[in-house]
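> To start, I am sharing the structure in question, which I have written as structure tokens.
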Amino acid sequence: MHEYYIHSKFKSNTPEIRLNIDYPRELNEQQLAAVTAPPGPALVIAGAGSGKTRTLTYRVAYLLEQGIPPDRILLLTFTNKAAAEMMRRVSELLGHELRSLWGGTFHSIGARLLRLHAELLGYQRDFTILDRDDAKDLIKAGLADAKIDKKDKHFPKPDVLNEMFSLAANTHRSIAELIDGQFGYFSAYATEIADQHKRYIERKRAANGMDFDDLLALWLKLMQEHPTVLEHYQRRFQFILVDEYQDTNKLQGDLIDLLAARHHNVTVVGDDAQSIYAWRGANFANILNFPKRYPGAKVFKIETNYRSTPEILNVANAAITANVNQFAKELSPARRSGLKPALIPCHDAGQQSAFIAQRVLELREEGVSLNQIAVLYRSHFHVLELQLELTRRQIPFSITSGIRFFEQAHIKDATAYLKFVANPKDEVSFKRLALLLPGVGAKGADKLFQIFSEKLKDTGASRLPLTMLPDAANEPAASQTSLAPLLQACAKAVPKKAVTPWAQFVATISQLEADATRRSAAKMLRLIMDAGYDDYLKETYDNYERRLDEIQQLAEFAFQFGTVEEFLTQLALLTNVEAEDDPGDDTERIKLSTIHQAKGLEFEVVFVIMLCDGLFPSSRSTETNDGEEEERRLFYVSITRAKNELYLCYPQIRSSFGHSGGDIFQSPSRFLSEIPKDLLNEWNLR
């Protein structure tokens, strides 16, 4: 076992810590090598299910046993949960709490340091940490000061500006570089946006406030501009340990490099094969280039997997092989043999859903808890059909994919058009649509609805349910009331800045209520996008492309329903079922989750669905090599969540609006073809 050289100034005033841990007995050979590594830079590639947290915890304990004072160790994690878990495990090994060890998230450590040195940056120590709403209010104030023309509906909204400013901070890019690379549709406003960024920074300083990103950006600024402070912390933090290093962004990577520049005693732990957050600023190059930035760095690989069966690990190893940019590794099993993962070709999404529901019921009969079964998918809309099937069969499920699909603002906006055309008395839908217009607030929306309602009453005609519309061969019923003229008659009550958008709204409703269009929810949703709602998404949300995809896929989903009314009914049922995500009882429930949300979790049985080219991997990701490799890592993460059984499913046919036959053939995901056939058990569903 290695011995550390302990600096003489630590020897006299540091109580000796002896934990009597039998490291060779409690750790496997690979873990032991990483835990007892000598001083210097070290990269620990910890494969899925290999005991990453255990390795980090024992590394801290080992350093303490070697005489390193607790306050000379800095342990950085990504989440409060991970930080608490790490500190709890260290305390258990020690037999008592260790308050002097600097351990926490990047942001919590940044806040702690900035409280001590705020004056050097022109802040007071009692600075406020702004939440998203606070930041948004400051941005709004900057827009008002600059007298940005609110009639210009194409200028990015405060939420979008906030996301842009955040991304610029975390990726070390200027606003101009960010717009050029990711927000090209705002290029006409580049100068104004850069000015708003400057105003936002000035307002934060004037208010003695820092936003979440400042806790890192100003921490780095403090170190870069004040050499004596930097030297103090370089000397203080003799050993730096970083968890989930593959998820660090450019800003975090620079912070670590600065702090470690004196001693180079930095141990980073992560798995390059599980780097899946580039979309939120994570910099894959940090872990890939660590040995280049730290010449002489030792690389340790922990490849013994304690989670999955050998058969599942064989598939996982094969799935990631095609990635060029990676540290080659081979997960090896600690468990006994089990079932081969199953490949499930399905006729369509309906058969895929029916298979999963039936297999889940069988597993439950076999004694597997529903809580130990997960269905993982690439995107929210991939699971719509399955939700319907589980609801029909009364199989309880919970959704852990972030905000529930049908509760997202853009989905509610799009469906509000359909609800209003189907039922003009729907006050909630009318007001939601009115509030999308510039200059229309709650009072204005209420006033418009009251005027519209009176005009609707005056017509004396009733609206036919969509299921009772006449056949296409016949003329529309004479009693059918057209909404467009009634809406146009409300124009005088519309604020000046909303006159043109209101006219566009009236035109859109006129097109939606045309007999041929309103028979199809899919046609209506496509028309809504073509009528300008896609522009609204672009100006309102930084992730508008994902939201646009989801509405387009909602149109594909809607194509299977015979009428708009049937579609809206099923939508309402799904929304109400989803509201039971957290019922507060002990009911067993299958977990439905995006793969991003499932990272770090494990289940007895995992179903990965919609493994079709264009869906998983997504069509946009395959436009670049980096994008495709990240999708492959995402596939790898989904596979390595499974402990005992793995089912890889894909529909061969998908109903699609816009194609002559209504159905399109789908190619299996390219990732499936990279797995040797003998590793999978292909099922033949009848």
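> Tally time: how many residues in the range 110-150 are modelled with pLDDT under 85, surrounded by 14 or more Cβ atoms within 10 Å (Cβ to Cβ) and farther than 17 Å from Gly209 by Cβ?
The total comes to 1.
This table checks each residue for (1) surrounded by fewer than 16 Cβ atoms within 10 Å (Cβ to Cβ); (2) out of contact with any Ser or Thr (no Cβ under 7 Å at 6 or more places or on another chain).
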{"position": "Met210", "(1), (2)": "no, yes"}
{"position": "Leu218", "(1), (2)": "no, yes"}
{"position": "Phe237", "(1), (2)": "no, yes"}
{"position": "Asn249", "(1), (2)": "no, no"}
{"position": "Gly270", "(1), (2)": "no, yes"}
{"position": "Gln274", "(1), (2)": "no, yes"}
{"position": "Ala285", "(1), (2)": "yes, yes"}
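> Those residues that are assigned to a helix (DSSP H, G or I) and surrounded by fewer than 22 Cβ atoms within 10 Å (Cβ to Cβ), I need them from the range 287-305; list them, please. Can you show your working first?
The initial filter retains those residues of the range 287-305 that are assigned to a helix (DSSP H, G or I), namely 287-288, 290-293.
The answer is Leu288, Pro291, Lys292, Arg293.
> While we're looking at this one, here's another question. Please work out which residue is nearest to the chain's Cα centre (by Cα), limiting yourself to the range 404-460 and to residues that are surrounded by fewer than 20 Cβ atoms within 10 Å (Cβ to Cβ) and among the β-branched types (Val, Ile, Thr).
The selected residue is Val428.
> Counting only residues that are open to solvent by 20 Å² or more (accessible area, probe 1.4 Å), among the hydrophobic types (A, V, I, L, M, F, W, C) and touching a helix residue (DSSP H, G or I) at 6+ places or on another chain (Cβ under 9 Å), how many does the range 69-86 have?
Result for the range 69-86: 2.
> Another question, if that's okay. Please work out if Pro501 is closer than 30 Å to Asn162 by Cβ, at pLDDT 85 or above, in contact with a helix residue (DSSP H, G or I) (Cβ under 9 Å, 6 or more places away or on another chain) and open to solvent by 20 Å² or more (accessible area, probe 1.4 Å).
Yes.
> In contact (Cβ under 8 Å) with a residue 12 or more places away in the chain and closer than 20 Å to Asn265 by Cβ: does that describe Tyr245?
So Tyr245 fits the description; yes.
> Checking the condition over 28 Å from the mean Cα position of the chain (by Cα) and surrounded by fewer than 19 Cβ atoms within 10 Å (Cβ to Cβ), which residue from Glu366, Glu330 passes?
So the residue among Glu366, Glu330 that is over 28 Å from the mean Cα position of the chain (by Cα) and surrounded by fewer than 19 Cβ atoms within 10 Å (Cβ to Cβ) is Glu366.
> If you don't mind, there's one more thing I want to ask. Any residue at all in the range 199-220 that is at pLDDT 85 or above and in a strand (DSSP E or B)?
Scanning the range 199-220 turns up at least one residue that is at pLDDT 85 or above and in a strand (DSSP E or B).
Condition check ((1) modelled with pLDDT under 90; (2) over 30 Å from Asn371 (Cβ atoms)) across all residues:
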{"residue": "Val564", "(1), (2)": "yes, yes"}
{"residue": "Phe567", "(1), (2)": "yes, yes"}
{"residue": "Val577", "(1), (2)": "yes, no"}
{"residue": "Glu580", "(1), (2)": "yes, no"}
{"residue": "Lys643", "(1), (2)": "no, no"}
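> Okay, next question. Taking into account only those residues within the range 163-199 that are farther than 27 Å from Ile256 by Cα and buried (at least 20 other Cβ atoms within 10 Å of the Cβ), which is nearest to the chain's Cα centre (by Cα)?
Within the range 163-199, the match that is nearest to the chain's Cα centre (by Cα) is Phe183.
> Can you pull out every residue in the range 458-492 that is modelled with pLDDT of 50 or more, assigned to a helix (DSSP H, G or I) and either closer than 30 Å to Gly562 by Cα or small (Gly, Ala, Ser) (or both)?
Hits for the range 458-492 are Thr459, Leu483, Ala484, Pro485, Leu486, Leu487, Ala491.
> Could you list, in sequence order, all residues of the range 351-398 that are part of a loop (DSSP other than H, G, I, E, B), under 17 Å from Arg589 (Cβ atoms) and in contact with a Ser or Thr (Cβ under 9 Å, 6 or more places away or on another chain)?
Matches in the range 351-398: Pro396 only.
> A further question follows. Quick one: which residue in Ser308, Ser337 is within 30 Å of Leu679 (Cβ to Cβ), crowded, with 22+ Cβ neighbours inside 10 Å, more than 22 Å from the chain's Cα centre (by Cα) and polar (S, T, N, Q)?
Residue meeting the stated conditions: Ser308.
The values are calculated or read from the model by the stated rules, or taken from the named source; none is laboratory data. If you're wondering where the values come from, they're calculated on a predicted model, not measured in any experiment. Glycine also receives a Cβ, built like all others from the backbone with ideal geometry; neighbour counts cover every protein chain displayed. The accessibility values were calculated without ligands, DNA or RNA, using every heavy atom of the protein model including side chains. Shrake-Rupley method; radii C 1.70, N 1.55, O 1.52, S 1.80 Å.
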